[in-house]
Amino acid sequence: MKDLSIGKKFTLINVMVTVLVLVIGYFILNKYKNDLTNEVYNDVKIELNTLSKIKIEAKFEAGISNAISISNDSLIKESLLSNNRQLAINALSTLSSNMKKSTPFQNIQIHIHTKDNHSFLRSWKPEKFGDDLSSFRASVVKVNQEKVAVNTFEVGEAGLSIRSVVPIFDSNNKHLGSMEFMQGINSVATSFDEQGKAFLLLMDGKLAISEVKDENKLNNYVISQKFINKEFLEDTKKIDFNKLFESKYLMSEKYFYTYIDVIDFNGNKLGIALTAEPKQKIQIAINNASYIIWVTLF
């Protein structure tokens, strides 16, 4: 240093300070980039979960509204009162036809129960009736015991679905039985797909009442919807669910995943609603943040 001129000393010190500042700046800005990346992940997680809750809640609202409306049909009340199933069969046949013409509900499923929790009429299988539902249909038992409506996810022989169960009374407020409006989750899955996202309703496999086909199994879960995006399903088979549950979100080769718990009216966990956004869309937001970081450093 003694042999260097003042100008060269200044230049050397300036270069050293500049390099030091750049190194420090790199680490600071890189941390900022990581924070931005985590913020993007968290924002997408909140957005997907909120969207899932909104769409599911809309199904619940439609279900309970329809259940209350249909349960007030005079023929259904008379059918239970007189034990004349044909009256209810005729009423539901007309109702189904009218709903197909004027509503989005193309294949409604109505289940009427007696006040002692026995099946009175299944709209989709009228020949099957009289079986005791007490052992596995907690919502039906609660409605008939407490005479209050229950709007919930519940496991039945058909799997996991939304059950809007309401009590039925005659004109003198005498309890006759109960009725449920059953809904799948297909419309939620298709609406996600139309928006370029993905949705899967997964039931805990241990809760299955009837035999499950291999094609409907995923990890320790049972797929509880008919509409499935095949590409999404193939990618889902590769993810580590334990890591997903630990971090609340997960990035795979193709998708960003998150989920919400699916619980029944008693607070019991029945499964999860798995949602996802294509990785490419997430990566665009992260790349934009990275670009700003590098321009700032330059």
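The values are calculated or read from the model by the stated rules, or taken from the named source; none is laboratory data. Note that the structure is a prediction, hence the values are computed from the model and not measured. For neighbour counting, all protein chains shown are included, and Cβ atoms are generated from backbone atoms with ideal geometry for every residue, glycine included. Each accessible area value is taken on the protein alone, full model and side chains, heavy atoms only, with ligands, DNA and RNA left out. Shrake-Rupley method; radii C 1.70, N 1.55, O 1.52, S 1.80 Å.
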Open item on the list: List pairs: first residue in segment 35-48 and of a type in the set (Lys, Arg), second residue open to solvent by 80 Å² or more (accessible area, probe 1.4 Å) anywhere in the structure, Cβ distance under 8 angstrom, at least six positions apart or on different chains.
Closed with: Lys45/Lys248
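Return the total of residues in segment 189-201 being outside any helix (DSSP H, G or I), surrounded by fewer than 18 Cβ atoms within 10 Å (Cβ to Cβ) and not polar (S, T, N, Q). Let's see the steps before the verdict.
Pass one, segment 189-201, residues outside any helix (DSSP H, G or I): 195-201.
Within this subset, residues satisfying the condition of being surrounded by fewer than 18 Cβ atoms within 10 Å (Cβ to Cβ) are 195-196.
Still in the running and not polar (S, T, N, Q): 196.
Total meeting the criteria: 1.
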Open item on the list: Looking at (1) closer than 18 Å to Ser65 by Cβ; (2) at pLDDT 95 or above; (3) open to solvent by 20 Å² or more (accessible area, probe 1.4 Å), which one does Asp116 not meet, given that it meets all the others?
Closed with: (1)
- [ ] Pairs only if they're at least six apart or on different chains, beta carbon under 7 angstrom, first in segment 77-93 and under 15 Å from Phe181 (Cα atoms), second charged (D, E, K, R) and not in a helix (DSSP H, G or I); list them, first residue then second.
- [x] Ala91/Asp73
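With a cut-off of at least 1 residues that are among the aromatic types (Phe, Trp, Tyr) and under 30 Å from Ala273 (Cβ atoms), name the strands (runs of 3 or more DSSP E) lying wholly within segment 62-174. Break it down stepwise before answering.
Working: elements: 109-114, 119-122, 150-156, 159-169.
In segment 62-174, the matching strands (runs of 3 or more DSSP E) lie at 150-156.
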Open item on the list: Between a residue in segment 132-159 that is under 13 Å from Asp264 (Cα atoms) and modelled with pLDDT of 90 or more and any residue that is part of a helix (DSSP H, G or I) and of a type outside the set (Ser, Thr, Tyr), which pairs come within a Cβ distance under 6 Å, given they are 6 or more apart or on different chains?
Closed with: Val150/Lys142; Val150/Val143; Asn151/Phe60; Asn151/Ile64; Val155/Leu207
TODO: Take the residues in segment 14-53 that are hydroxyl-bearing (Ser, Thr, Tyr) and open to solvent by less than 80 Å² (accessible area, probe 1.4 Å), then tell me which one is nearest to Thr275 (Cα to Cα).
DONE: Ser52
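Restricting attention to segment 263-298, which residues are open to solvent by 70 Å² or more (accessible area, probe 1.4 Å) and either modelled with pLDDT of 95 or more or within 25 Å of the chain's Cα centre (by Cα) (or both)?
Taking segment 263-298 as the starting set, the residues that turn out to be open to solvent by 70 Å² or more (accessible area, probe 1.4 Å) are 263, 266, 268-269, 280-281, 284, 287-288, 291-292, 294-296, 298.
The answer is Ile263, Asn266, Asn268, Lys269, Gln280, Lys281.
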Open item on the list: Every residue in segment 178-207 that is among the aliphatic types (A, V, I, L, M), under 23 Å from Val166 (Cα atoms) and at pLDDT 95 or above, please.
Closed with: Met179
- [ ] Taking only segment 228-253 into account, find how many residues are touching a residue at least 24 places away in the same chain (Cβ under 8 Å), surrounded by fewer than 16 Cβ atoms within 10 Å (Cβ to Cβ) and in contact with an Asp or Glu (Cβ under 9 Å, 6 or more places away or on another chain).
- [x] 2
